[in-house]
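Quick notes on the structure that follows.
The values are calculated or read from the model by the stated rules, or taken from the named source; none is laboratory data. Treat the numbers as computed from the prediction; the structure is a model and nothing was measured. Note that each Cβ is placed from the backbone with ideal geometry, even for glycine, and that neighbours are counted across all protein chains shown. These accessible areas exclude ligands, DNA and RNA; they are computed on the full protein's heavy atoms, side chains included. Shrake-Rupley method; radii C 1.70, N 1.55, O 1.52, S 1.80 Å.
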Amino acid sequence: MATTNSSSIMSSTFYLTGIPGYEEFHHWISIPFCLLYIVGITGNCSILHIVRTDPRLHEPMYYFLAMLSLTDMAMSLPAMVSLFRVLWSISREIQFNICVVQMFLIHTFSFTESSVLLAMALDRYVAICHPLRYATILTPKLIAKIGVAALLRSAIPLIPLLVRLAFIPFCRSHVLSHSYCLHQDIIRLACADVRFNVIYGMVVITMLWGMDSLGILITYVFILHSVLRIASREGRLKALNTCASHICAVLILYVPMIGLSIVHRFAKHSSPFVHIFMAHIYLMVPPVLNPIIYSVKTKQIRQGILHLICAHKINSSAMQSCHQDNKVLK
């Protein structure tokens, strides 16, 4: 009987929600979302290309920045696929098993991004407090281990939570409040006891996001203590300036995340537009703004992007010149 119930749940269909009340404008609303997504993908891919091809950027700080770009894209991609399916009127339906996979990817990479930001805070601590041992402490091998550990640490705790969903019956409307699947959204449609999911979910959030944010805070306390011991004002400002991009990235992730959690916990009866707006900010803002902030605030990344643009223009000019020469020869 339990097997039959589980199989029926796995084959059940849920319905995604676009922008309520603006269904006739969905095609137009998709344009800014599409532009934002293109900007985010272009910016993050540019950073990955620059870090990979420029030997001067083969340093711990830029390896962690590459990790941040990868997690940004991995976090937003699953949600964007279903968002555009809804806005372009392709389909609002999503099968339960696909919904669980999407949920797993979104939550895993949002937790991973938090872990990467903690690793980047530790990177800044080592660079400022132990500059002479920076390269010997943060070796490429250790950085790779940190990346794998961050991914496993984020994925493994979610498995019991999502497996439990296969045994929960859903007897309500099956209409989700977003254009993608979130755990806190799907369990509200359950018609069974979901205390395990609620309590375990809160424990996971506290242990992962809570410990990461606390670790970042403690790291910056040590950084600030070390910076205040620098004699010159210019030296203090230079040291703090190296942390500015990272602080912005932390705020960009945590402020929408906290806002979305507050809306789900304490504003359940607020306008659906508020829920949808917060959900899209949570997934769209970090991939779009992080590359822009690091390009503006980090000289090496800015130079790499300018070099990439200039090289593209030079190649285009060379191609045009070749075409003109060919025409003359003909």
Residue of 100, 86, 198 that the Gaussian network model of the chain assigns the largest fluctuation, springs spanning Cα pairs under 10 Å: 198
Structure-based [θ]222 nm, the chain - -39500 (n - 2.57) summed over DSSP H runs of at least 4, per residue, nearest 500: -26000 deg cm²/dmol
Projected label distance in nm at residue 53 and residue 231, using a 7 Å step from Cα toward the beta-carbon: 4.4 nm
Cβ-defined net charge surrounding residue 70, 14 Å radius [Lys, Arg +1; Asp, Glu -1]: -1
R0 of 45 Å, Cβ-Cβ distance residue 149-residue 238: FRET efficiency to nearest 0.05: 0.90
Sulfur and carbon atoms: percent of accessible area, region 1-156 [1.4 Å]: 72 percent
Angle between the chain longest axis and helix 233-266 axis [Cα atoms, degrees, rounded to 10]: 10 degrees
Count, lysine Cα pairs under 26 Å in the chain, 8 or more residues apart or across chains: 7
Surface accessible to a 1.4 Å probe, per residue, for the residues of the chain, Å²: 53 Å²
Gaussian network model of the chain, springs between alpha carbon atoms under 10 Å - residue of 147, 235, 215 with greatest fluctuation: 235
Per-q log10 I(q)/I(0), the chain, q = 0.15 Å⁻¹ (Debye; single scatterer per alpha-carbon; no solvent): -1.25
Cα-based shape type of region 105-238, given that a ≥ b ≥ c are square roots of the gyration tensor eigenvalues and the cut on a/c is 1.5: prolate
Region 163-231: relative contact order as a whole-number percent, Cα under 8 Å and 6+ apart: 26 percent
Directionally averaged projected area (convex hull, Cα atoms, region 144-192), nm²: 4.3 nm²
For the chain: relative contact order, % (alpha-carbon pairs under 8 angstrom, 6 or more apart): 26 percent
For region 193-269, projected area of the alpha-carbon convex hull averaged over all directions, nm²: 6.5 nm²
